[in-house]
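Contents: one structure, followed by commentary.
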Amino acid sequence: MSVHTEAVRVEQLTRVYGTDQQPVTALAGVDAVFVRGTFTAVMGPSGSGKSTLLQTAAGLDRPTSGRVRLGDTELSGLSETQLTKLRRDRIGFVFQAFNLLGALTVEENIVLPSRLAGVRVDRGWLAEVVQRVGLDDRLTHRPSELSGGQQQRVAIARALVTRPEVIFCDEPTGALDTATAADVLTLLRMLVDTHGQTVVMVTHDPVAASYADRVLVLADGRLVLDLPQPGATRIAEVLATLGRSRVRS
Ligand SMILES: Nc1ncnc2c1ncn2[C@@H]1O[C@H](COP(=O)(O)OP(=O)(O)OP(=O)(O)O)[C@@H](O)[C@H]1O
C-alpha cells in the first residue's frame with residue numbers, strides 16, 4: 001500500500017501509565033493503518049485502550065514506544081511546538097462534550113481555534129463547511145439556542161475548518177439521543193463518502209459503529225479484531241463474547 005493512501009499509521013504502539021512499581025499497560029503493541037477517505041470505528045470493553053489509542057494516534061499523548069505517522073510525518077521526531085502545530089493544522093477533534101463557548105455565536109465558535117492560532121480564516125471555505133454541516137441559518141445563534149445534535153455539528157464544523165487530514169472523534173454521540181445521534185453519524189458518513197474525509201471514531205455503541213467502513217476491536221490494550229462493515233448485530237455479538245471471555249478469565 002502506498003504511503004499516500006495512508007492518513008495515519010501506528011506501529012507497535014505501546015503506552016504504559018503509572019510507575020515502574022505499578023505499571024498500567026493501556027496499549028500493548030497495536031499496529032493499524034487508517035486509509036484516507038475511510039471511516040473507522042474503534043470499540044472494545046471499558047479500559048481496553050480506545051481513548052489511549054486515539055490520543056496517541058492524534059499526537060495528544062506520546063506513546064511509551066512504537067511509532068505514529070500522519071501522512072509522511074513521523075510524530076516521534078517532532079518537538080512539542082511542532083506537535084502542537086501539527087495538531088492545529090492537520091488534525092480535527094470532536095469529543096463527547098461539545099466544548100463550545102456559550103458567550104460566542106456559532107460562527108465565532110467555529111473560527112475560534114484558527115483565531116487563537118493567528119491563522120486567517122478562508123471565508124469561502126468557512127461558508128462551504130457551514131453548508132456541509134447544515135448550519136447556514138444558525139451562524140448568529142448561541143450554543144444554548146441549539147439542540148444537542150446541532151451543537152455537535154458546530155464542533156464538527158470547528159474541526160473541519162482547518163481542512164484536517166483526519167478527524168478523531170471520541171464518543172461523538174455519547175451525549176445525544178438516538179435520533180440526534182443518527183443525524184450526526186449520517187453527517188460523518190457524508191463527509192467521508194462525498195468529501196473524502198478520514199474519520200476515526202471511538203464508540204461504545206454498536207449502532208454508531210455500524211456507520212463505519214471498518215470496526216477495530218481492542219481488548220486489554222491489544223487489537224483483537226478488524227472487521228469490515230460488520231453491522232450492529234454482529235458488533236453487539238462480538239462485544240458480548242469479549243465481555244464473557246473477560247469475565248471467565
Ligand atoms: N492518565 C492515566 N494514568 C493512569 N492510567 C491510565 C491513564 N489513562 C488511562 N489509564 C488506564 O489505561 C487503561 C486504558 O484506558 P483508556 O481510557 O484508553 O480505555 P478506554 O477503552 O477508552 O476506556 P473507556 O471505554 O472506559 O473510556 C485503563 O486501565 C485506564 O485505567
Treating only the Cβ of Lys, Arg, Asp and Glu as charged (+1, +1, -1, -1), what charge dipole size does region 53-189 show about its Cα centre? Round to the nearest 20 debye.
360 debye
Provide the descending list of Cα extents for the chain along its principal axes, expressed in whole angstroms.
54, 42, 38
Residues with beta-carbon under 12 Å from that of Leu188, excluding Leu188: net charge, scoring Lys, Arg +1 and Asp, Glu -1?
0
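Can you give the convex hull volume per residue for the Cα atoms of region 30-120, as a whole number of Å³? Please report the intermediate quantities before stating the final value.
Working: hull volume 13.4 nm³, N = 91.
Once divided by residue count, the hull of region 30-120 is 147 Å³.
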Listed residues Ala232, Ala179, Ala32, most fluctuating in the chain (Gaussian network, C-alpha, under 10 Å):
Ala179
Out of Val202, Val215, Val119, any idea which swings most in a Gaussian network model of the chain, alpha carbons joined below 10 Å?
Val119
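For region 3-248, what proportion of DSSP beta bridges, expressed in % and rounded to the nearest 5, is antiparallel?
Values: 23 of 40 bridges.
Roughly 60 percent of the DSSP beta bridges within region 3-248 come out antiparallel.
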So what is the 222 nm mean residue ellipticity for the chain from helices alone, if each DSSP H run of at least 4 adds -39500 (n - 2.57) and you divide by all residues, rounding to the nearest 500 deg cm²/dmol?
-11500 deg cm²/dmol
Total charge dipole magnitude, the chain, about the Cα centre, Cβ charges on Lys, Arg, Asp, Glu only, Debye to nearest 20:
260 debye
Taking a ≥ b ≥ c as the square roots of the Cα gyration tensor eigenvalues, with a/c under 1.5 meaning rounded and otherwise prolate when a/b beats b/c or oblate if not, region 128-181 comes out oblate
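No lab work stands behind these numbers, since they all come straight from the coordinates. None of the values given here were measured: they were computed from a predicted structure. FYI the Cβ positions are ideal-geometry reconstructions off the backbone, even for glycines, and counts take in every protein chain you see.
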